Amino acid sequence: MKIPDKKIIEFIKEHHVLTLATSVNDIPYCANCFYVFLEEENLLVFSSDEETKHIQDVLQNDKVAGSVVLETSVVGKIQGIQFNGTLFLPGGELKTKAHKNYIKKYPFAQLMKTKLWTLELNFIKFTDNRLGFGKKLIWRKD
């Protein structure tokens with residue numbers, strides 16, 4: 001598997017909320033989710049109920065997009081990723097690993113009756129103005 005640039009990985013690991021974009025019948029929708037990053041697998045893991053709009057959308061169209069951003073008004077500090085990928089329920093060892101890592105980061109999730117979803121990243125565009133205005137790093141799974 002082709003591994004993203006370490007700057008991208010570091011950024012993803014430093015943050016914890018992603019915006020997930022779904023679309024069904026040309027109607028887009030966004031949701032914000034706490035996530036954990038499984039670096040070896042290059043997967044984002046988050047928890048969500050099947051009844052939510054974004055998961056209902058995913059059950060019809062598992063191709064998603066999203067972003068993780070650093071909230072700042074200082075132009076020289078702007079950082080963020082935009083991504084697309086495929087969302088799925090993990091099984092077997094991956095489900096166990098996802099659960100262990102998610103609960104470790106978010107112990108309160110043990111009390112919730114939600115499912116863990118995994119997002120396989122296919123494309124990432126990382127903007128980091130600290131590297132120069134408008135500097136972009138691109139990663140593709142291919």
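The table below gives the values:
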{"item": "Any chance GLY85 is within 26 Å of LEU137 (Cβ to Cβ), buried (at least 19 other Cβ atoms within 10 Å of the Cβ) and among the small types (Gly, Ala, Ser)", "result": "yes"}
{"item": "Any hit, segment 77-100, residues being in contact with a strand residue (DSSP E or B) (Cβ under 8 Å, 6 or more places away or on another chain), in a loop (DSSP other than H, G, I, E, B) and under 30 Å from GLY132 (Cα atoms)", "result": "yes"}
{"item": "Tabulated pairs, segment 1-17, first on the phi < 0 side of the Ramachandran plot, second outside any helix (DSSP H, G or I) and of a type in the set (Asp, Glu), C-beta under 8 angstrom, 6+ apart or interchain", "result": "LYS2/ASP142; LYS7/ASP128; ILE9/GLU39; PHE11/ASP128; LYS13/GLU39"}
{"item": "Which listed residue is at pLDDT 95 or above, of a type in the set (A, V, I, L, M) and at negative phi, from LEU20, LEU70", "result": "LEU20"}
{"item": "So GLN79, is it at pLDDT below 95, among the polar types (S, T, N, Q) and either within 17 Å of LEU18 (Cα to Cα) or crowded, with 16+ Cβ neighbours inside 10 Å (or both)", "result": "yes"}
{"item": "THR127 of a type in the set (Val, Ile, Thr), more than 17 Å from PHE11 (Cβ to Cβ), part of a strand (DSSP E or B) and in contact (Cβ under 8 Å) with a residue 24 or more places away in the chain", "result": "no"}
{"item": "Hey, PHE133 out of contact with any Gly (no Cβ under 9 Å at 6 or more places or on another chain), surrounded by fewer than 15 Cβ atoms within 10 Å (Cβ to Cβ) and not in a strand (DSSP E or B) or not", "result": "no"}
{"item": "Tabulated pairs, segment 92-118, first more than 11 Å from TYR35 (Cα to Cα) and without any contact (Cβ under 8 Å) to a residue 24 or more places away in the chain, second of a type in the set (A, V, I, L, M) and part of a helix (DSSP H, G or I), C-beta under 7 angstrom, 6+ apart or interchain", "result": "GLN110/ILE103"}
{"item": "Residue within segment 26-49 that is in contact (Cβ under 8 Å) with a residue 12 or more places away in the chain, of a type outside the set (A, V, I, L, M), outside any strand (DSSP E or B) and exposed (fewer than 14 other Cβ atoms within 10 Å of the Cβ) present", "result": "yes"}
{"item": "Filter result for the condition that a residue is buried (at least 17 other Cβ atoms within 10 Å of the Cβ) and not basic (Lys, Arg), over THR96, THR118", "result": "THR118"}
{"item": "Answer residue from segment 94-130, given it is farther than 23 Å from ASP49 by Cβ and of a type outside the set (A, V, I, L, M) and is modelled with the lowest pLDDT among those", "result": "ARG130"}
{"item": "Residue satisfying all of: in segment 50-62; under 27 Å from ASP142 (Cα atoms) and free of Cβ contacts under 8 Å to residues at least 40 places away in the same chain; surrounded by the fewest Cβ atoms within 10 Å (Cβ to Cβ) among these", "result": "GLN60"}
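The values are calculated or read from the model by the stated rules, or taken from the named source; none is laboratory data. Everything numeric here is computed off the predicted structure, so don't read it as measured data. Cβ atoms come from the backbone with ideal geometry, glycine included; neighbour counts cover every protein chain shown.
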